[in-house]
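Here the structure is laid out as structure tokens; the discussion comes afterwards.
Please treat every number below as a calculation from the coordinates, not as lab data. Keep in mind that this is a model prediction, so the values were computed, not measured. Cβ: placed from backbone, ideal geometry, glycine included. Neighbour counts: every protein chain shown.
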Amino acid sequence: MKNQNSGETISTAKQNVYDVDAKLSRLEWRGKKIGGEHSGIISLSSGKIYREDGKISGIFEIDIASISSTDLAGGWKEKLDGHLKSEDFFGVEKFPKATLEIMEAVPAGKEYRVNANLTIKGKTHPVEFSAGIKFEENTISAEGEVIIDRSKYDVRYGSKSFFANIGDKMIHDDFAVKFHIIATK
């Protein structure tokens, strides 16, 4: 459709914007090391999902400062949580937030293949993952898991990528984040 005054094309596509419900959404992390693993949660600060002509994109802000272990209690939990927030890991004093920008989500069988840019500690890298996305009248829900190579984001502690002779103190570079996202119009 042409704007009669300027001759520009006006989009008639309807864009639907969904706001993420941070209280109903959940992010669960799991990291592995030689002889064990740890798991916990991270809060989602905010987010928006855009749906236009069957295309999906979005932006999410993750509250890295909220990172917390759920597999430990007492002093051990406090120690791990503090270490995860330190410069050795996520440096939350300087980098309290991370962002995930979904560039596109393309149907791939029963799920969607998601291409996104993830920014942690000021470093941005592409990530790809699968997600189950369901549409209801005014709600979008998405579930899946993304595997993140922490070495790309300068999260160095215990990484064989940075410390060649780490031996049995090595922590795997890849960690997983399971997500359950709820967003409404």
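Multiply the residue gap between residue 113 and residue 76 by 0.36 nm, knock off their C-alpha separation, and tell me the result in nm, one decimal place.
Numbers: separation 37, 0.36 × 37 = 13.32 nm, distance 3.78 nm.
In short, 9.5 nm is gained.
With a point put 7 Å past each Cα toward its Cβ, work out how far residue 93 is from residue 39 in nm, to one decimal.
According to this spin-label approximation, the distance is 3.2 nm.
Local charge sum around residue 146 (other residues, Cβ-Cβ under 9 Å, Lys/Arg +1, Asp/Glu -1)?
Values: positive: 178; negative: 128, 145.
Every neighbour counted, the sum reads -1.
Give 48/97; 55/121; 77/123 a once-over and call out the pairs whose C-alpha atoms are over 18 Å from each other.
On the way: 48/97 16 Å; 55/121 29 Å; 77/123 28 Å.
From the list (48/97; 55/121; 77/123), the Cα-Cα distance tops 18 Å for 55/121; 77/123.
In percent, what relative contact order does the range 12-68 have, based on Cα pairs under 8 Å that are 6 or more apart in sequence?
On the way: 99 pairs, mean separation 20.2, N = 57.
Once divided by the residue count of the range 12-68, the mean separation gives 35 percent.
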